[in-house]
Amino acid sequence: MSSNKNKAALLIMKHTHDEQLLQDVFEAFRQFAIKIQQEDDDEAAWLLSQCSDDAEVRTILKEMTPMMLHVLDGIGKLGAANGSMLSSRFGFPKGTVSKVTKRLAALGLIAIETLPGNKKELHFRITQIGETIYRLHERLDERIKLGAVRFSADYSPEQLIFVRDFMHKLNASSFVRIDE
């Protein structure tokens, strides 16, 4: 049955491509995924290098994951935020927000507060040490943006529009769930 589905899927494809070309594209994706992981390590090293005189910040940074930095950054950008706001504004899954905010609170980077008369809805506020790491992460983001601008300078607006559209479509697709 799945063989028939695969044949049907091939019939509705707009284009067929050389198998070697497809392998090259998939290998490029694989290499890009590895590069992203290496970039996470480079970002962590840069952050640590920027706070060599602050042992508390260095210790906390060593405990943080990239997702923790992104959620802290979201809270910093929003001021006070709840899980739904973080999830909808930044695309974080709600379960991830819940787990990560607990870890951020345990590290003293955020305070978790409830609204008077509403014990269910939790709001997150960045603490002083959280603000220090948030500002450090903002400097890293500016550095990354500068690098991206420099990299993009070699490409025309039309090429960048193609890449943007391609990446949006790629992010909305699954290579595993081909029947959907």
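Which ones in region 66-87 are more than 20 Å from residue 113 (Cβ to Cβ) and surrounded by fewer than 20 Cβ atoms within 10 Å (Cβ to Cβ)? First the steps, then the outcome.
The first filter runs over region 66-87 and keeps only residues more than 20 Å from residue 113 (Cβ to Cβ), leaving 66-67, 69-70.
Selection gives 66, 67, 70.
Restrict the check to region 40-50 and report whether at least one residue is over 20 Å from residue 129 (Cα atoms) and free of Cβ contacts under 8 Å to residues at least 24 places away in the same chain.
Looking for residues that are over 20 Å from residue 129 (Cα atoms) and free of Cβ contacts under 8 Å to residues at least 24 places away in the same chain, one finds at least one in region 40-50, hence yes.
If you take the residues of region 75-91 that are under 17 Å from residue 130 (Cβ atoms) and under 13 Å from the mean Cα position of the chain (by Cα), which of them is modelled with the highest pLDDT?
Among those that are under 17 Å from residue 130 (Cβ atoms) and under 13 Å from the mean Cα position of the chain (by Cα), it is 86.
Could you tell me which of the residues 59, 65, 127, 114 is under 18 Å from the mean Cα position of the chain (by Cα) and polar (S, T, N, Q)?
Working: 59 fails: under 18 Å from the mean Cα position of the chain (by Cα); 127 fails: under 18 Å from the mean Cα position of the chain (by Cα); 114 fails: under 18 Å from the mean Cα position of the chain (by Cα).
After applying the criteria, what remains is 65.
One line per residue, one yes/no per condition, for (1) in a helix (DSSP H, G or I); (2) free of Cβ contacts under 8 Å to residues at least 12 places away in the same chain; (3) touching a helix residue (DSSP H, G or I) at 6+ places or on another chain (Cβ under 6 Å); (4) closer than 22 Å to residue 36 by Cβ:
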site: 52; (1), (2), (3), (4): no, yes, no, no
site: 62; (1), (2), (3), (4): yes, no, no, yes
site: 70; (1), (2), (3), (4): yes, no, no, yes
site: 74; (1), (2), (3), (4): yes, no, yes, yes
site: 81; (1), (2), (3), (4): no, no, yes, no
site: 84; (1), (2), (3), (4): yes, yes, no, no
site: 96; (1), (2), (3), (4): yes, no, no, yes
site: 108; (1), (2), (3), (4): no, no, yes, no
site: 122; (1), (2), (3), (4): no, no, no, no
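The values are calculated or read from the model by the stated rules, or taken from the named source; none is laboratory data. Just so it is clear, the structure is predicted and the values come from calculations on it, not from any experiment. Cβ atoms come from the backbone with ideal geometry, glycine included; neighbour counts cover every protein chain shown.
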